[in-house]
Amino acid sequence: MKNELLAERAALFLGDAAHVAQVLAPDSIDSIVTDPPAGIGFMGREWDSDRGGREQWIGWLAGVMREALYVLKPGGHALVWALPRTSHWTATALEDAGFEVRDIIMHLFGTGFPKSLDVAQAIDKQRDDRQAILAVTRWIAEARDRAGLTNAQIDAVFGLNGMAGHWTTQGAQPYVPHEDYWPTLLELLGVNEVPEEIRSLAERLISDKGKPGPDWFRRPVTGTHTAAAAGTRWRANNGFKSNPTPSSRRDVPATDAARKWQGWGTALKPAAEHWILARKPLAGTVAKNVLHHGTGALNIDGCRTLERPSSSRTTDGGLGRWPSNVTLDEDAAALLPGSASRVCYVAKPSRAERDAGCQHLPRRTGAEACGRTEDSAGLKSPRAGANSGGGHNFHPTVKSIALMRWLCRLVTPPGGVVLDLFAGSGSTGIAALADGFEFIGIEREPEYLALARARIEHALEQARREVTP
Ligand SMILES: C[S@@+](CC[C@H](N)C(=O)[O-])C[C@H]1O[C@@H](n2cnc3c(N)ncnc32)[C@H](O)[C@@H]1O
């Protein structure tokens, strides 16, 4: 792992977090605050892949966290980000690594975009082409048998894995070959002329693929799709290719079945992320652990509000409320009565906050920042933060510094060392340094590490200027 030491109180390592125990001393770290990949293939990113499935992903994170446990002081806390959908994987990995899961802090936000299927629309869009598809696959299967070929031999010619089975089945998933495959397929099957009935069926099925079925077009046109129009504008403003013709709205169901399921969907609006609070086993009692290692406890008084402790005196004359396992961004806070927002509110990362220190780096559009050429639900995901709009800091999942400060403060003793195993563009580092902690960050991608270095150096420089007028 390559060490990029920053001048003051911070070190960044380029490399794999799984090797953290090779570069840091055992029992040397006071807290871990980290935002790891969620295993959902976020925006097609390789670093967020599920590594082949649930067991593999949990095994991978448990491996990293086992190494991290080794460098953490006894009783040291870890706060590990997780998406509600896969947070049980993250919690399992933490337990498998030897941590004790203590709580889950739920951060609520208002920017999420529901990725739900409209069930009534899906019903009216259905195409019932099964009989036609089966006629084509039956014909291909017969031709295959006449030619004395196996599905494996057909697959081998196309470099495919199992597709010939779909092209020749009468079973669950019959599939008509893509038009590009037909010339080679016919040559392979020794067929000079396809019967007219099969040829026209195959042509129709290929051209109708992905198009809504006839019931959809029985729905009256009720206007233009405003979401599509807004999406089109958004894409144009953010460097994506945009389709200038918004689609027609057809909101009124055409069939009884669709009427019955009108108003049903498949997903909720995402409005929460989890921070799993885990602790390395204590050496003895809490009191002994705290006295000997400085770790093992939570900084309750330092976290009674999300502002700094000095400004946290409230009108009741006390220190404010006991910190809870719920935090809110401004959109979520706006939905709640004032007292709740006063205690729990935390600002979203603004464009200025994300870009500070990165102005010398080229600005990327939303499309470039997300590595996508088209609009996609991923870009509207809360995971993208507001960063899908692009900027100098092109990391797609930048965290709010206010939130990261509160989290660091909750689990780190004064002057302690915070470790982020998945540093990204360095938000945890900026937060840790702002509260007087030391910071060690690990990041695998050089271009993200460069962002982290630029942002952290800028924050340190700012702090220096504030101290030296
Ligand atoms: C969710 S992002 C963290 C973003 C960060 N919170 C921020 O505010 O910029 C996770 C990061 O982990 C990095 N990563 C993935 N696998 C890694 C590994 N094995 N070791 C180190 N970093 C890794 C990715 O490149 C990505 O930047």
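Quick notes
- One residue stands out in the stretch 257-298 among those that are crowded, with 19+ Cβ neighbours inside 10 Å and among the polar types (S, T, N, Q): the one that is nearest to Cys408 (Cα to Cα), namely Thr295.
- Criterion: of a type in the set (S, T, N, Q), surrounded by fewer than 18 Cβ atoms within 10 Å (Cβ to Cβ) and modelled with pLDDT of 95 or more - qualifying residue of Gln22, Gln56: Gln22
- Phe99 vs. criteria within 18 Å of Ala267 (Cβ to Cβ) and of a type in the set (Phe, Trp, Tyr): no
- Exactly one residue out of Lys73, Lys115 is away from the ligand (no atom under 13 Å from the Cβ) and surrounded by fewer than 18 Cβ atoms within 10 Å (Cβ to Cβ), and it is Lys115.
- Considering the stretch 335-352, and only residues there that are within 27 Å of Asn393 (Cβ to Cβ) and modelled with pLDDT under 75, the residue that is surrounded by the most Cβ atoms within 10 Å (Cβ to Cβ) turns out to be Val346.
- From Trp139, Trp89, residue being within 16 Å of the ligand (Cβ to nearest atom) and part of a helix (DSSP H, G or I): Trp89
- Any chance Asn161 is modelled with pLDDT under 95, under 40 Å from the mean Cα position of the chain (by Cα) and over 30 Å from Arg250 (Cβ atoms): yes
- In the stretch 91-106, the condition of being touching a helix residue (DSSP H, G or I) at 6+ places or on another chain (Cβ under 7 Å) and at pLDDT below 95 is met by no residue.
- Exactly one residue out of Gln153, Gln121, Gln131, Gln173 is assigned to a loop (DSSP other than H, G, I, E, B) and not aromatic (Phe, Trp, Tyr): that is Gln173.
- For Ala278: the one exception among (1) outside any helix (DSSP H, G or I); (2) at pLDDT below 95; (3) not aromatic (Phe, Trp, Tyr): (2)
- Screening the candidates Glu67, Glu55 for the property of being within 15 Å of the ligand (Cβ to nearest atom), outside any loop (DSSP other than H, G, I, E, B), among the acidic types (Asp, Glu) and free of Cβ contacts under 8 Å to residues at least 60 places away in the same chain yields one hit, Glu67.
The values are calculated or read from the model by the stated rules, or taken from the named source; none is laboratory data. In this text the structure is predicted, and so the values were computed from the model without any measurement. Ideal geometry is used to build each Cβ from the backbone, glycine not excepted, and the neighbour counts take in all protein chains shown.
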